[in-house]
Amino acid sequence: MTNIKIARSMLKGASIAALLLAEHLSAANPTPFATLSHPNGLAATQDKLLATSQDDSIIRQIDSTGAVTTFATLPAGVVIRQEIYLAVSPGLGGFQALGVYACRGNKVFKVSPDGLTVTTFHDYSPAADALHCGIAFDEVGTFQNLLIVTLQDGTVHKLDSSGNDTLIAGPPTLFDDKTEGPQVAPATFMPAPGQLLVTQEDQNLVWKINGSGVATVLTGTIVFPESNHVVPQSVCSFGTSGGAFFSTGEENNTIYKYPVSDFTGLGDDVLIPLEGFPSPNPQGIDIVDKTTGAITQFDSLGVVHEGSTFVDCVVPPVNADGRMTGGGSVFETDGTRVTHGFELHCDVADVPNRLEINWAGGNNFHLETLVSAFCFTDPNIDSGHPKAPFNTYIGTGTGDLNNVPGATANWTFTDAGEPGTNDHATITIKDNLGKVVLTVSNFLDSGNQQAHTDNK
């Protein structure tokens with residue numbers, strides 16, 4: 001409690017920061033976006049927002065209308081109200097693009113881009129399980145573009161794509177208390193160029209850690225900092241929602257969205273959401289100026305912030321221009337044969353886009369509308385020659401299931417060269433009521449999937 005009182009006194013004396021307050025307050029325009037019980041972690045791509053709750057181990061997917069569905073389920077935890085934070089891979093450092101990673105207590109989980117496969121990526125046991133952690137990818141390169149993980153014991157780690165762990169920093173350099181919110185700052189962030197920023201909420205501190213693991217305190221005091229977020233130079237809105245930045249209101253069960261216009265001229269500044277629990281401790285979002293390091297208030301929204309995320313126009317990597325064709329057969333775990341054939345473009349506006357899937361009992365799915373497509377190169381897959389601009393296609397669409405409209409399909413197809421036996425297909429189909437009627441993930445038993453440069 002003493003630290004909190006001192007911090008408040010320092011904030012009251014920050015007269016220069018107060019002069020800048022009105023400008024940032026007038027810029028922030030948060031509005032409720034979705035409802036979720038005690039929302040915690042958030043991560044966004046250009047076509048989906050992922051969120052966790054402190055009440056369970058489910059990762060939920062939220063569409064651009066705010067509708068909430070289940071994306072993946074982590075193994076059950078043993079500690080009540082654990083925080084679960086999320087990070088989506090940008091495809092650097094040997095990590096599969098769009099792979100989802102989650103930290104909870106002393107464990108890190110890996111989730112496939114389609115949400116169907118969940119594995120334990122790294123277990124920090126025998127360290128005691130805990131409530132707090134943090135996770136993010138190094139997109140700058142200071143830490144080899146690896147996965148950064150912070151733990152409640154004050155340690156900061158990096159994990160390579162195989163799950164091998166290296167300690168970056170920890171006690172006694174850092175306080176042994178709730179190390180969270182990692183984010184590597186860009187080289188243009190002059191208070192800590194290219195350095196790793198981490199928060200320690202109960203110590204009212206944000207640390208900066210250089211590439212050698214030396215940690216020093218970022219200038220200024222911030223009360224109850226929960227996380228860090230670099231404002232992208234290029235900010236995208238999420239589908240039709242108009243939101244560019246999303247933040248959780250833990251205690252009022254709401255996820256808030258902030259429009260693109262809120263961030264004009266703020267590229268490479270750093271946002272710091274405040275947990276501020278319990279009230280009346282400071283709540284809202286502070287912002288650190290990239291040039292001066294001045295800390296001002298970006299938003300005074302009176303909620304307890306936990307996870308936050310930006311929708312970035314550049315990360316994940318720009319969608320490749322091309323198409324994939326082919327098909328073949330794969331087997332379900334019970335031996336059921338599933339056949340598929342397709343011609344699909346990476347741009348949903350390009351036509352034709354065809355997909356037919358057939359399986360036991362005369363079941364058939366026929367694609368009518370390609371809803372989303374993302375094509376990228378997975379560095380772990382060799383597509384051979386001739387080289388195509390991508391080797392992995394992730395798509396979603398709607399169509400007819402046994403001639404009944406309203407069914408949905410999600411798929412991931414890979415091209416791992418000739419003759420096609422190393423190509424992989426993952427397919428999930430739901431009927432018009434949302435019930436899963438088919439899920440299969442396996443290497444092709446026969447056939448071939450080929451990525452091509454677009455012929456337009």
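The values are calculated or read from the model by the stated rules, or taken from the named source; none is laboratory data. Because the structure is predicted, anything quoted here is derived from the model rather than measured. With ideal geometry, Cβ positions are generated from the backbone for all residues, glycine too; neighbour counts draw on all protein chains shown. Surface areas here come from the heavy atoms of the whole protein model, side chains and all, with no ligands, DNA or RNA. Shrake-Rupley method; radii C 1.70, N 1.55, O 1.52, S 1.80 Å.
I want the local charge near Asp114. Using Cβ-Cβ distances under 14 Å, sum +1 for each Lys or Arg and -1 for each Asp or Glu among the other residues.
Numbers: positive: Lys48, Lys110, Lys430; negative: Asp47, Asp378.
Result for the local shell: +1.
Calculated from DSSP H runs of 4 or more alone, at -39500 (n - 2.57) each and per residue, what is the 222 nm mean residue ellipticity of the chain, nearest 500?
On the way: 2 runs with 24 residues, N = 456.
Mean residue ellipticity, 222 nm, calculated: -1500 deg cm²/dmol.
With r as the distance between the Cβ atoms of Ile58 and Glu343 and R0 = 25 Å, compute the FRET efficiency 1/(1 + (r/R0)^6) and round to 0.05.
Numbers: r = 35 Å, r/R0 = 1.41.
E(calc), rounded to 0.05, equals 0.10.
I want the local charge near Gly417. Using Cβ-Cβ distances under 12 Å, sum +1 for each Lys or Arg and -1 for each Asp or Glu among the other residues. Before the final figure, lay out each step's value.
Working: positive: Lys387; negative: Asp382, Asp415, Glu418, Asp423.
Residues near Gly417 contribute -3 overall.
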Quiz item: How much length is gained if the chain between Asn29 and Thr336 is pulled fully straight, taking 0.36 nm per residue apart and subtracting their Cα-Cα distance, in nm to one decimal?
Solution: 105.3 nm
Quiz prompt | 0 to 90° range, to nearest 10: angle between helix 2-12 axis and the chain longest Cα axis | solution = 80
Quiz item: Ignoring any ligand, DNA or RNA, what whole percent of the accessible area of region 183-312 comes from carbon and sulfur when the probe is 1.4 angstrom?
Solution: 53
Exercise. With the full set of protein chains in place, find how many percent of the accessible area of region 30-125 is carbon and sulfur; take the probe as 1.4 Å.
Key: 53
Quiz item: Given charges of +1 on the Cβ of Lys and Arg and -1 on the Cβ of Asp and Glu, with all other atoms neutral, how large is the dipole of the chain about its Cα centre, in debye to the nearest 20?
Solution: 460
Self-check item: region 357-422, accessible area per residue, ligands and nucleic acids excluded (1.4 Å, Å²)
Solution: 44
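If you restrict to DSSP beta bridges whose two residues both lie in the chain, what percentage is antiparallel, to the nearest 5?
Details: 138 of 138 bridges.
That works out to approximately 100 percent antiparallel.
Ordering Glu139, Glu201 from largest to smallest accessible area (1.4 angstrom probe), what's the sequence?
Numbers: Glu139 90, Glu201 5 Å².
Ranking Glu139, Glu201 by accessible area, largest first, yields Glu139, Glu201.
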Quiz prompt | Percentage relative contact order, the chain, counting C-alpha pairs under 8 Å, at least six apart | solution = 12
Quiz prompt | Span from the region 209-282 Cα centroid across to the region 291-308 one, whole angstrom | solution = 6
Quiz item: Of Lys107/Lys290; Lys158/Lys257; Lys158/Lys178, which sit over 27 Å apart, Cα to Cα?
Solution: Lys107/Lys290; Lys158/Lys257
Quiz item: Where does each of Ser57, Ser300 land when they are ordered by accessible area, with a 1.4 Å probe and the largest first?
Solution: Ser300, Ser57
Exercise. Compute the Rg/Rh shape ratio of the chain: radius of gyration over Kirkwood radius, all on alpha-carbon atoms.
Key: 0.99
Quiz item: If Lys and Arg each add +1 and Asp and Glu each add -1, what is the summed charge of the other residues whose beta carbon sits under 13 Å from the beta carbon of Val338?
Solution: -3
